[in-house]
Amino acid sequence: ERYHCEVNVPIIPRPGPATLAAIGDRFGVGFSGIQPLPDGEANHAFRLGDDLVLRVPRDDGQLAADLRKECVVIPVARSAGVLTPEIVAFDDTGRDIDAPYLVVRRVAGTDLARQELPQDQLAAVYRAVGRNLAALHSAGGVDRQSLDGVPTDDDRSDPCDLLGPLVHEQALDADTAGWLRGWFERLAPCAPDPPPLVLIHGDIAPRNLLAHPATGQLTGIVDWGDAAWADPAMDFAKLPLGALPPALEGYLGQDDWSGVALRSWLARAFRYQLHWAVAALGRREAGTGLLRPPGPATAWLMVILRHLSDSHDERWRGLAAHG
């Protein structure tokens with residue numbers, strides 16, 4: 001999720017019929033073939049005919065910058081073999097609308113937030129997500145200097161530093177803070193120090209993962225506006241907790257949980273989820289503030305607690321036993 005709260009940034013209204021008709025005409029699509037799509041937090045979206053999708057940012061500040069960033073990152077991701085829609089055009093000349101816009105190739109599929117797949121198919125989708133992230137994180141020929149507008153999140157702040165102020169503000173009681181401190185201290189040794197910095201998507205969550213309803217196959221990873229140079233484990237931290245094991249199996253190309261690798265990656269991703277939720281509980285930024293928990297802090301903490309208490313998955317119970 002993005003929580004942009006910029007002041008004095010021009011809001012870009014939803015394009016009207018004349019603007020849409022002008023843009024559609026450039027791509028051989030009549031006005032009758034332009035259909036609105038559900039808007040996200042970042043963009044106004046429209047389907048242009050059967051094959052294209054138009055996206056216009058909702059403001060001319062950070063959201064417009066994020067759209068420009070996508071134009072830099074998407075070609076790199078596609079070259080690495082990541083399933084993501086092809087860019088057809090990007091225009092920031094202002095000739096059709098006083099805002100930048102992006103047109104991408106439409107892919108078949110519905111996001112995972114709006115469909116329910118059988119558990120075996122869902123696990124297969126998340127394994128495919130992991131394989132795609134492995135390709136992205138190992139993309140060659142790019143570095144931090146070559147991708148304009150892609151920020152770096154290399155903060156290694158200690159989440160335990162958040163707990164004292166939260167107790168003082170009565171957002172947490174001392175016992176709960178101690179319980180969280182135990183978790184953070186247990187998970188910390190699993191992460192390399194410093195972690196490698198790779199190109200990450202930054203918002204790998206069900207709403208940005210498309211799968212074909214009939215086949216249950218992953219068809220696309222969308223919305224690259226939160227891309228950054230960061231610890232690769234961050235790219236797993238907005239997934240549902242139950243999706244982490246299959247996603248990591250796909251990422252590492254193994255399913256042997258008796259070894260160290262998978263358990264360490266699970267701990268690294270879980271530590272970010274817990275860190276961000278605790279930071280948001282006190283309305284503080286975790287790290288540089290590039291990334292946030294995938295929902296309200298209290299709700300996400302409840303999801304974490306419920307999963308740890310209800311899960312019969314030995315991969316999670318192994319972590320919970322030490323919490």
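For residue 133, only one of the following conditions fails: (1) farther than 30 Å from residue 50 by Cβ; (2) modelled with pLDDT of 95 or more; (3) touching a Phe, Trp or Tyr at 6+ places or on another chain (Cβ under 6 Å). What is its number? Against the list (1) farther than 30 Å from residue 50 by Cβ; (2) modelled with pLDDT of 95 or more; (3) touching a Phe, Trp or Tyr at 6+ places or on another chain (Cβ under 6 Å), residue 133 comes up short only on (1). Scanning the stretch 220-262 for residues that are farther than 24 Å from residue 301 by Cβ, at pLDDT 95 or above and among the aromatic types (Phe, Trp, Tyr) yields 224, 229, 251. Given 68, 131, 114, which one is of a type in the set (D, E, K, R), under 28 Å from residue 231 (Cβ atoms), surrounded by fewer than 21 Cβ atoms within 10 Å (Cβ to Cβ) and in the same structural domain as residue 217 (by TED's automatic domain parsing)? Criteria check complete, one pass: 131.
Among the residues of the stretch 251-262, those identified as surrounded by fewer than 23 Cβ atoms within 10 Å (Cβ to Cβ) and part of a helix (DSSP H, G or I) are 252, 260, 261, 262. For the stretch 154-169, filtering for residues that are within 20 Å of residue 192 (Cα to Cα) and either acidic (Asp, Glu) or loosely packed, with under 13 Cβ neighbours inside 10 Å (or both) leaves 5. Taken together, the criteria exclude residue 151 from residues that are surrounded by 13 or more Cβ atoms within 10 Å (Cβ to Cβ) and not assigned by TED's automatic domain parsing to the domain that holds residue 231. Sub-7 Å Cβ pairs linking a first residue in the stretch 143-165 that is farther than 18 Å from residue 80 by Cα to a second residue that is among the hydroxyl-bearing types (Ser, Thr, Tyr), at least 6 apart or interchain, are 153/288; 155/288, ordered by first then second residue. Residues in the stretch 84-132 that are part of a loop (DSSP other than H, G, I, E, B) and in contact with a helix residue (DSSP H, G or I) (Cβ under 6 Å, 6 or more places away or on another chain) were compared, and the one that is farthest from residue 149 (Cα to Cα) is 96. Do any strands (runs of 3 or more DSSP E) lying entirely in the stretch 173-246 carry at least 3 residues that are in contact with a Phe, Trp or Tyr (Cβ under 8 Å, 6 or more places away or on another chain) and under 28 Å from residue 83 (Cβ atoms), and which ones are they? Where strands (runs of 3 or more DSSP E) fall fully within the stretch 173-246 and carry at least 3 residues being in contact with a Phe, Trp or Tyr (Cβ under 8 Å, 6 or more places away or on another chain) and under 28 Å from residue 83 (Cβ atoms), they are 198-200. The one condition from (1) without any contact (Cβ under 8 Å) to a residue 60 or more places away in the chain; (2) more than 30 Å from residue 17 (Cβ to Cβ); (3) not polar (S, T, N, Q) that residue 100 does not meet is (2).
Exactly one residue out of 300, 265 is in the same structural domain as residue 132 (by TED's automatic domain parsing), modelled with pLDDT of 80 or more and either touching a Pro at 6+ places or on another chain (Cβ under 8 Å) or in a helix (DSSP H, G or I) (or both), and it is 265. Candidates 22, 18, 64, 42: the one that is within 18 Å of the chain's Cα centre (by Cα), small (Gly, Ala, Ser) and at pLDDT 95 or above is 64. In the stretch 134-148, the residue that is surrounded by the most Cβ atoms within 10 Å (Cβ to Cβ) out of those that are aliphatic (A, V, I, L, M) and assigned to a helix (DSSP H, G or I) is 136.
The values are calculated or read from the model by the stated rules, or taken from the named source; none is laboratory data. What you are looking at is a predicted structure, and each value in this text was computed from that prediction instead of being measured. Don't worry about glycine lacking a Cβ; one is built from the backbone with ideal geometry, like all the others, and counts go over all protein chains shown.
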